[in-house]
Every structure is written in C-alpha cells, then in structure tokens.
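See below for the structure under consideration.
Nothing in this text is a laboratory measurement; each read-out follows from the coordinates by a stated rule. Bear in mind the structure is a predicted one, so any value in this text is a computation, not a measurement. Note: ideal-geometry Cβ built from the backbone for every residue, glycine included; neighbour counts use all protein chains shown.
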Amino acid sequence: MSWTRFFRRRYWDEERKRELDAYLEAETDENMARGMSPEEARHAAQRKLGNTTLIREQIYLMNSLGWLETLWQDFRFALRMLRKNPGFTAVAVLTLALGIGANTAIFTVVNAVLLRPLPYPEPERIVRIALVYKGQLGWTEFSAKQFEFFKSHSDPLEYLAATVDAGFNLSGTGTPERIRALRVSKDYFQVFGANPELGRDFLAEEDRIGGPNVAVLSHGLWVRDFGADPKVIGRTVDLDGAPFTVIGVMPSGFQAMSPVDLWTTIGQVANSMGHGGNYEVIGRLKPGVSRRQADSYMATLARPFLQEFDPEEVEKVAGQVTFGAIPYNDMLTSDVRRPLLILFGAVVLVLLIACVNIANLQMARADERTREIAVRTALGAGWGRVVRQLLTENLLLGLLGASLGLLLVQWGLHLLLGFTPTDLPHARNISLDRWALGFTILTALLTGILFGIAPALQASRVNLSETLKEGGTRGVSLRHRLGSTLVEVEVGLSLVLLIGSGLLIQTFTNLLRTSPGFDPHHVLSIPIWTTGTHFKSADELARFYEVALSRISSIPGVDSVGAVAGGLPLEHGGNASGRLVGQKNSDKFWAEYREVSPDYFHTLKVPLRGGRFFTRDDSPGSPRVVIVNQAFARKYLPGQDPVAQYLSIDDVSREIVGIVGDVKTHMNEAALPTYFLPLAQASLSLHVFFEAWLPTCVLLRTSQSPSSLRHAVEGALRSADANVAIGEVRSMEQVLSFSIAFQRFLMMLMTLFAGLSLVLACVGLYGVISYSVSRGTREIGLRMALGATRPDILLAVIRQGLRLTLIGTAAGLVAAFGLSRVLRTVLFGVKPSDLGTFVGASLLLIAVALLAGFIPARRATNVDPMVALRYE
C-alpha cells in the first residue's frame with residue numbers, strides 16, 4: 001500500500017468525504033457557469049480536487065516523516081548517551097527491571113484470577129444468586145425447594161441452573177477410581193453457553209426424581225479412561241455400583257471452575273442432597289438485561305422468600321435482607337480478592353520507590369549535563385526540544401528495564417507458581433499473555449515519564465550566563481532539595497511495606513504457633529470411598545472397617561490406626577443438626593458431624609477433657625453414644641457438665657460419654673462445635689450421604705517416615721475389599737501446610753517486596769548523601785582547615801542522613817497507620833495498629849539508613865583540606 005493510500009484510508013472520515021463532495025459540487029457549478037458542459041465541468045472539478053488532495057497528502061506525509069526523523073534522531077542520541085554512561089545505565093535498568101518485573105508477575109496473577117473473563121460466551125451475563133444481609137453476602141447455597149422458588153421467579157434470567165459437588169467410584173474401566181463430578185440441573189450447560197462435542201446434554205425428564213441415570217463425560221475422562229472412543233455414546237458405566245448411560249462428551253475447551261470429570265443430573269436426589277441447602281444457583285441474564293436490573297428484580301423476592309421458608313424472621317430482618325445477581329467470577333474469587341489487591345498495591349509501591357531512585361540518579365546526572373544543555377539552548381534548542389530529548393532517554397530506559405523485567409518474570413514465574421496455593425481460583429490459568437505484555441509496555445512508558453519528568457523539567461531550566469561561567473549554584477541547590485524530598489518519599493513508602501510485611505509475618509508466626517488441636521507429626525492420611533461397594537448395611541460396613549484397620553495395625557512400624565468419616569481435621573467437613581434432649585425447649589443445634597473409630601483420638605493425640613473415649617464395646621448392638629468437643633459444650637451446654645446428658649441425632653437419643661479438645665477446621669479461626677459418633681454406630685444412609693463429598697480417611701501414626709508405609713497400607717485396604725477407591729495419600733503435616741498455604745504466600749511476597757523496597761530506599765539515601773558530600777567537598781575542606789575534626793565531619797554528614805530518614809519515617813508512620821486497616825481481614829492474632837510492629841519496622845529502617853549514610857560520611861572525613869581549597 002502506498003503512503004498516499006495509507007493516509008487517505010487512515011485520516012479521511014465520513015465528515016471529510018462530505019466536505020469533498022460539497023467542494024466537488026461547487027467547482028462543477030462554477031465550471032458550468034463558465035460555459036462548460038456538465039460532463040466537462042465535472043471532469044475539470046475532479047482534476048482540480050485530485051491535485052489539491054495530492055498536494056495536501058504530500059505535505060502531511062512530509063511533516064509526518066519529518067517528525068519521525070526527529071524522533072529517530074532523539075532515540076539514537078539517547079542510546080549514545082546511555083552507552084556513554086554504562087554504570088548509570090546498568091544500575092537504572094536493573095532497578096527498573098526489578099520494579100517492573102515484580103509488577104508484571106503480580107499483575108499476571110491478578111489478571112488470571114480477578115480480571116480475565118471466564119472462558120465462556122458472554123461471561124458477563126453469568127451470575128450467581130446470593131442472599132445479602134446488611135450489605136454483606138449471606139446465604140450462597142440453597143435447598144431443592146428454594147431452587148424451585150427461584151425457577152418460578154426468574155424473569156431477568158434466560159437460563160437458571162443448580163449445581164452441587166459430588167463424587168463417584170468409577171468401576172468397570174480398570175482399578176476402581178474416585179472421579180470428581182457435579183450434579184446439575186438440565187439447563188446447566190446453557191448457562192455457560194456450551195454444547196457437547198459428542199451426543200447431547202440433559203433432558204427435562206432425566207432431571208427429576210425417578211429419572212434415568214445418565215452422564216456427560218469431560219473430554220479428559222473420555223480420553224483417559226475410554227480411549228477417546230467416539231462410540232462411547234450409549235455405553236453404560238458403573239458409578240457407585242449403579243449403571244449410568246453416557247449421553248454426551250464435552251469439548252476439550254470447556255472447563256468447569258473446579259476440576260470435573262463427569263456431570264449427571266441433580267433432580268434424582270432432590271429429596272436428599274438438596275434438603276440441607278447445598279445447591280449453588282447460577283443463571284444467565286437475558287440479552288439486554290443489566291445486572292442492576294436483575295438486582296432490582298431480585299430485591300423484590302426477599303419478603304416472599306422469607307415468608308415461604310423462614311416466616312419467623314420476616315419482620316425481624318425487614319429491610320436488611322435482599323437477593324442479588326452477583327457476577328459469577330466475583331463469587332468464585334471473593335475470598336482472595338482483597339489479599340491479591342493488597343499484594344498488587346504493595347508491588348506498585350515498590351515500583352514507585354524504584355522510580356524515585358532513578359529520578360534521584362537523573363538529578364545527580366543532570367549536574368554533569370548542565371553545560372551540555374546550556375550549549376544546546378544557546379545554539380537555539382527550545383525548552384520543549386530539550387525536555388523531549390531528556391524524556392526520550394527516560395522512555396528508552398523504561399523500555400530497557402521492561403525488557404529485562406520480562407526476562408526475569410519468564411524465569412521467576414515458575415518459582416512464583418511453586419508458592420501459589422493450589423486452591424487459588426484459576427491458578428492453572430496463570431501465564432504470561434498479551435495482556436501481561438501490554439501491561440508491561442504501558443508500565444514502562446508511564447515509569448519513564450514518572451521518573452523522568454521532574455529531572456527533565458529541572459535540567460531544562462538553565463541560566464545560560466551562570467552555567468556557562470560555571471559560577472552558578474542555584475540549580476545545584478534546587479536539585480539537592482528535590483533529591484532530599486524524593487529520598488524522604490522513598491523512606492516513607494518503604495516503611496509502609498515494612499510494617500505490612502511485619503504484620504503478615506506475625507500472622508504467619510501466630511498460625512505456626514497455634515495448636516491445631518492434635519499432633520500432626522508422623523501421621524499418614526489415606527482417603528477411601530466405600531460407596532458403590534457391596535456393603536448394604538451399617539453392620540457390614542462396620543465389619544469392613546474393623547478388618548481393614550486390624551490389618552493396617554499389624555503392619556510393622558504402625559503404632560496406632562484410626563478412621564474418620566465426614567471430614568479430615570483442618571479441612572471443610574460435614575454439618576448436621578440435632579436436638580438437646582432434656583433442655584427446656586429441646587433446642588435444635590447445628591454442628592460439625594464426624595464418625596470416628598475407637599482409636600481415632602489416640603492416633604491424632606486429641607486430649608480427653610472429661611468422660612471417656614469410644615471403645616470397641618460401642619458396637620452396633622450397644623447403647624448409642626456420642627462425644628462432643630469443648631466448643632460444642634461452650635455454645636450449647638454452657639455452665640453444665642455435658643457428660644451423661646443426651647443428644648437426639650437423626651431421631652436417635654445418644655448419651656454424651658466424653659468431651660475432647662477442640663480440633664480446628666481453619667487455623668485462623670476458632671474451632672467449630674463438633675460431635676462425634678462411633679463409626680460402628682453410624683447410619684449407613686448418612687455415611688453414604690457425606691461420602692458424596694468427603695472421603696473416609698484412614699489415619700495411622702508411625703515412628704518412621706509416614707510415606708514409607710504408603711504401599712503397605714494400600715495393599716492392606718485392597719485385601720480387605722478390592723472395590724474400595726483410594727485417593728491421594730498425604731501426611732498430616734502436608735495437610736497442615738496446605739491449610740496455611742495462602743497466608744504463607746502473602747507473607748513471602750510481602751516480605752520480598754518490603755526487603756526490595758528497603759534496599760532501594762537505602763541505595764537512594766546513599767546516593768543523595770554521596771552527592772551532597774561530592775558537592776560539598778570545598779565546604780568540608782574549609783571547615784577542616786578552620787579546626788573541625790574528623791568526628792565532627794562524620795557526625796554532620798550522618799546527621800543529614802538521619803534527618804531525611806526521620807522525616808520520611810514520620811510520614812510513613814502516618815500512611816501506614818491508615819493503610820494497615822486494609823490488612824485486617826488477613827491478620828490473625830495481631831492488630832493492624834500493633835505498636836511493636838510499628839516501632840520495630842521504624843527502628844530497622846533507621847538502623848539500615850544510618851548504615852547506608854555511614855559510608856559516604858566516612859569518605860567525607862578523608863577529604864584533604866589543601867586539595868579541596870586549592871582553587872578557592
């Protein structure tokens with residue numbers, strides 16, 4: 001394409017065309033008035049218009065090429081100047097690379113988790129229904145009947161669906177394996193705008209009680225277990241011992257928000273699985289319906305919803321409860337949004353500190369270029385021309401720093417992902433992409449302007465007569481004051497990061513010091529699922545556990561062995577209700593539910609606080625018993641001795657025979673009220689119900705490495721029943737580490753950023769004091785000639801650095817006091833305004849700053865008065 005055609009296509013809009021048509025018509029009329037025929041008049045007008053347009057385009061092209069040529073000259077000159085000062089260039093590029101690289105790395109995480117659209121058509125239309133109480137999210141899960149309520153009140157929604165996590169033992173394709181599944185309503189795939197690659201999705205008659213067992217396979221499961229056989233449609237597979245017909249296979253590009261191998265219908269189990277409120281309700285907005293409109297409609301449902309499902313609370317919460325259509329990704333990332341934004345804010349502060357450092361370097365370097373700029377100005381270079389040249393150098397520095405930063409990110413992102421918690425939403429999507437590249441380029445340009453504008457403006461304002469005579473000091477004084485102010489800003493920003501890091505370090509330390517309620521050392525956890533096996537009664541299941549645990553206990557090196565169903569410590573578990581027997585109102589309670597074997601508490605070393613543990617005499621035929629933890633006793637039986645009292649659980653009265661210590665579900669939260677049933681006395685239906693989500697875990701304590709017993713334990717379980725599915729084997733130390741992985745991730749990154757900012761601030765302080773010493777050599781020589789001792793000079797220089805540090809520290813304390821409040825939600829055992837952290841961070845910063853100022857101060861004491869005053 002020619003330049004003329006390019007500029008015509010690029011710069012001629014519809015308005016320009018209308019102007020040319022009007023010009024052509026006017027010229028034609030004028031030519032006809034001169035006696036030309038209409039055809040001749042039209043041709044003459046077109047020729048004149050063509051010549052005029054061509055000239056205009058050529059002029060525009062010449063001006064554009066001239067501007068490009070000038071820019072190219074500035075770029076080449078900037079490159080020569082940077083090559084001429086390799087030390088300055090290396091320090092500046094490395095500093096920017098660290099700042100920009102760190103920002104790019106965290107942006108990559110924030111983009112993948114919070115900003116990147118979900119991988120579905122029109123993802124902004126996908127919402128999740130949630131109850132909002134006093135502006136805060138309340139219920140986010142509903143029962144089957146409540147889902148039916150929303151189905152009958154879904155005007156703003158094109159599709160509405162329910163989903164709940166599930167799992168199945170898949171057999172018939174080799175060794176029994178546990179697969180991840182979702183039970184969903186019929187419109188689930190329509191909500192996400194997806195269609196199966198093979199076959200079809202669910203029909204209305206399949207999503208109901210008594211409907212046929214059907215399943216849709218994920219692409220991964222289809223390839224892994226069925227060899228990508230296109231004839232899989234119509235094939236029967238065994239899920240938990242029941243036959244399911246495969247009706248579809250999803251494409252490889254479709255992924256649920258959590259790893260899923262298979263989908264089946266939810267309507268078949270609506271009377272059981274959804275009874276306790278486990279449905280996640282999601283929908284797709286109708287075309288043209290905004291979220292605000294959907295929220296307004298949902299708000300009108302609060303009163304009728306409560307009148308139907310909780311009539312006693314209608315008047316109590318009037319005006320405080322509403323429903324919202326929350327963006328689906330916002331719900332998925334609600335727990336990590338604030339911590340990630342805090343990290344992003346922290347890394348932006350690091351970049352600001354880097355920019356301040358480079359600005360200080362540029363200020364010092366400007367002194368060396370004062371005469372150069374004065375000469376260029378004297379030869380006719382305007383103020384704007386000088387500023388443009390200096391900014392070109394700064395932008396080039398920014399781009400070089402960004403290039404090196406991208407290389408560091410490419411290398412460091414793998415390291416960062418190694419520390420990223422595996423349960424972080426969208427963690428598998430974290431990667432460098434075009435958005436990260438665009439962010440890096442934009443950051444480089446903004447950074448170049450940010451650290452370059454002040455030095456460029458200051459350097460361009462030269463007094464020709466003073467500068468060319470080498471007698472002026474006013475510019476040097478101004479640059480020194482500006483450099484001092486920048487250092488104070490650096491110190492303040494660094495203190496903010498140090499205090500934030502200190503608070504998170506204390507949080508993580510408190511988590512490590514906090515007892516989880518059991519001893520996790522030398523304990524191995526083996527998850528198993530018994531659903532789909534031949535066990536048809538609670539007695540058969542109890543005998544299986546008795547045989548399996550007996551065989552495991554006979555393995556050499558096993559000190560004790562136990563089992564727990566309903567949830568492992570430090571992980572989300574089952575929840576069930578009951579009633580307090582003998583109380584005034586027979587109060588209903590909700591608490592964590594666990595089924596355990598007799599040696600469970602002994603294996604984990606959970607302390608007994610009263611009564612007794614379970615024994616093997618607590619069999620299916622013996623009186624029903626239950627054990628509660630201290631949190632249960634404090635909440636539901638305050639001031640009473642729980643032992644010998646009774647609880648009604650699943651309409652069965654059980655005697656409380658013991659109280660045990662609290663075992664945490666979340667390390668940063670108090671233990672939840674929990675009650676324990678003997679595994680031998682558990683209801684088969686309730687056991688199967690909870691195993692849809694949570695495995696039964698076999699726990700064994702050993703004096704040797706737990707992992708060394710893995711294969712022997714798996715063999716013992718297989719020998720007890722070959723159809724039992726076995727999951728990922730972990731030590732309880734790994735479970736504990738995983739439970740605090742996100743806090744460790746925050747602490748490590750914040751500490752890294754704080755350390756980097758501290759180094760940059762000290763480098764900046766060192767640079768300003770060194771600059772001051774080099775500029776004050778004559779003054780120092782004069783003072784020494786008049787009797788000042790070396791200690792006097794040393795203290796004077798250190799006092800200058802201390803003054804800058806104290807001013808910056810004071811400003812940083814004020815800023816940190818306000819900003820530390822945003823950390824409140826991620827802190828544990830420490831207040832945002834913790835005095836010790838504020839004082840300790842300030843003292844550390846002052847101490848390191850004094851060390852940074854000592855080196856140039858020591859150099860100042862070595863000034864020879866005779867040399868310094870030789871030219872006075």
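If the viscosity is 0.890 mPa s and the temperature 25 °C, what Stokes-Einstein diffusion coefficient in µm²/s follows for region 72-160 when Rh is the Kirkwood radius over Cα pairs?
Here the translational diffusion coefficient equals 129 µm²/s.
Non-local amide H neighbours of Tyr646 (under 5 Å, H modeled in plane, Pro and chain starts lacking H): which ones?
Correct list: Val581, Ile656.
Under a point-charge model restricted to the Cβ atoms of Lys and Arg (+1) and Asp and Glu (-1), what is the dipole moment magnitude of region 534-722 relative to its Cα centre, in debye to the nearest 20? If you can, show how the numbers build up before the last one.
Working: 19 positive and 20 negative charges, 60 e Å.
In debye, rounded to 20, region 534-722 gives about 300.
Taking every DSSP beta bridge with both residues inside region 598-659, roughly what % is antiparallel (nearest 5)? Working shown, then result.
Details: 6 of 10 bridges.
Counting only bridges with both partners in region 598-659, antiparallel ones make up about 60 percent.
Kirkwood Rh and Cα-based Rg: tell me the resulting Rg over Rh for region 534-722, rounded to two decimals. Please list the in-between numbers first.
Numbers: Rg = 16.5 Å, Rh = 17.1 Å.
Answer for region 534-722: 0.97.
Rounded to the nearest 0.05, what FRET efficiency do Asp641 and Gln320 have when you use their Cβ-Cβ distance and R0 = 30 Å?
Numbers: r = 38 Å, r/R0 = 1.28.
Once the sixth-power term is evaluated, E becomes 0.20.
Working out 0.36 nm times the residue gap between Thr789 and Phe817, then minus their Cα-Cα distance, what length gain in nm do you get to one decimal? Don't skip to the answer; put the middle values down first.
Details: separation 28, 0.36 × 28 = 10.08 nm, distance 4.17 nm.
Contour length minus Cα-Cα distance gives 5.9 nm.
Which ³J(HN,Hα) values, rounded to whole Hz and listed in residue order, are derived for region 37-42 from phi using the Karplus coefficients 6.51, -1.76 and 1.60 in 6.51 cos²θ - 1.76 cosθ + 1.60 with θ = phi - 60°, glycine and proline given as x?
So the J values, rounded to whole Hz, are 5, x, 5, 5, 4, 5.
Highest mean first, how do 758-770, 32-44, 511-523 rank when packing is the count of other Cβ atoms within 10 Å averaged over residues? Intermediate values should be presented prior to the final figure.
Numbers: 758-770: 23.7, 32-44: 13.0, 511-523: 16.9.
Those peptides, ordered most packed to least, come out 758-770, 511-523, 32-44.
Under 1.5 on a/c is rounded, so check that first for region 244-316, then, if it is not, pick prolate when a/b is larger than b/c and oblate when it is not; a ≥ b ≥ c are the square roots of the alpha carbon gyration tensor eigenvalues. Mind showing how you got there, number by number?
Numbers: a/c = 3.22, a/b = 1.48, b/c = 2.17.
In terms of gyration-tensor shape, oblate.
Using the Cα gyration tensor of region 135-287, with a ≥ b ≥ c the square roots of its eigenvalues, what is the shape: rounded (a/c below 1.5), prolate (a/b larger than b/c) or oblate (neither)? Don't skip to the end; give the middle numbers.
On the way: a/c = 1.90, a/b = 1.57, b/c = 1.21.
Since a/c reaches 1.5 and a/b is larger than b/c, the shape of region 135-287 is classed as prolate.
List the residues whose amide H sits under 5 Å from the amide H of Leu827, counting only those 5 or more places along or on another chain, with H placed 1.01 Å from N in the peptide plane.
Answer set, sorted by chain and number: none.
Using θ = phi - 60° and the Karplus relation 6.51 cos²θ - 1.76 cosθ + 1.60, list the HN-Hα couplings for region 401-410 in order, rounded to whole Hz, with x at every Gly or Pro.
Couplings: x, 5, 4, 5, x, 5, 5, 5, 5, 4 Hz.
Taking the Cα centre of region 135-287 as the origin, how large is its charge dipole in debye, to the nearest 20, when only Lys and Arg (+1) and Asp and Glu (-1) carry charge on their Cβ atoms?
80 debye
Could you work out how far apart the two model spin labels at Arg428 and Val652 are, taking each label as a point 7 Å from the Cα in the direction of the beta carbon, and quote it in nm?
Reported label-point gap for Arg428 and Val652 is 3.9 nm.
Please compute the length gained on full extension between Leu445 and Ile855, using 0.36 nm multiplied by the number of residues separating them and subtracting their Cα-Cα distance. Mind showing how you got there, number by number?
Details: separation 410, 0.36 × 410 = 147.60 nm, distance 3.42 nm.
Additional length available on full extension: 144.2 nm.
Residue by residue, what Karplus-based ³J(HN,Hα) values in Hz, rounded to whole numbers, does region 800-816 have, using 6.51, -1.76 and 1.60 with θ = phi - 60° and x for Gly and Pro?
Values, residue by residue: 5, x, 5, 4, 4, 5, 5, 5, x, 5, 4, 5, x, 5, 5, 5, 5 Hz.
Can you pull out the trypsin sites (Lys or Arg not before Pro) in region 532-608 whose DSSP state is coil and whose Cβ has at most 16 other Cβ atoms within 10 Å? Could you put the intermediate results ahead of the total?
Working: sites: Lys536, Arg543, Arg551, Arg579, Lys584, Lys588, Arg594, Lys605; in loops: Lys536, Lys584, Lys605.
Answer by residue number: Lys536, Lys584, Lys605.
Which one of Ser707, Leu672, Ser550 has its Cα pushed farthest toward the positive end of the charge dipole of region 534-722, where Lys and Arg give +1 and Asp and Glu give -1 at the Cβ?
Working it through, the farthest residue towards the positive pole turns out to be Leu672.
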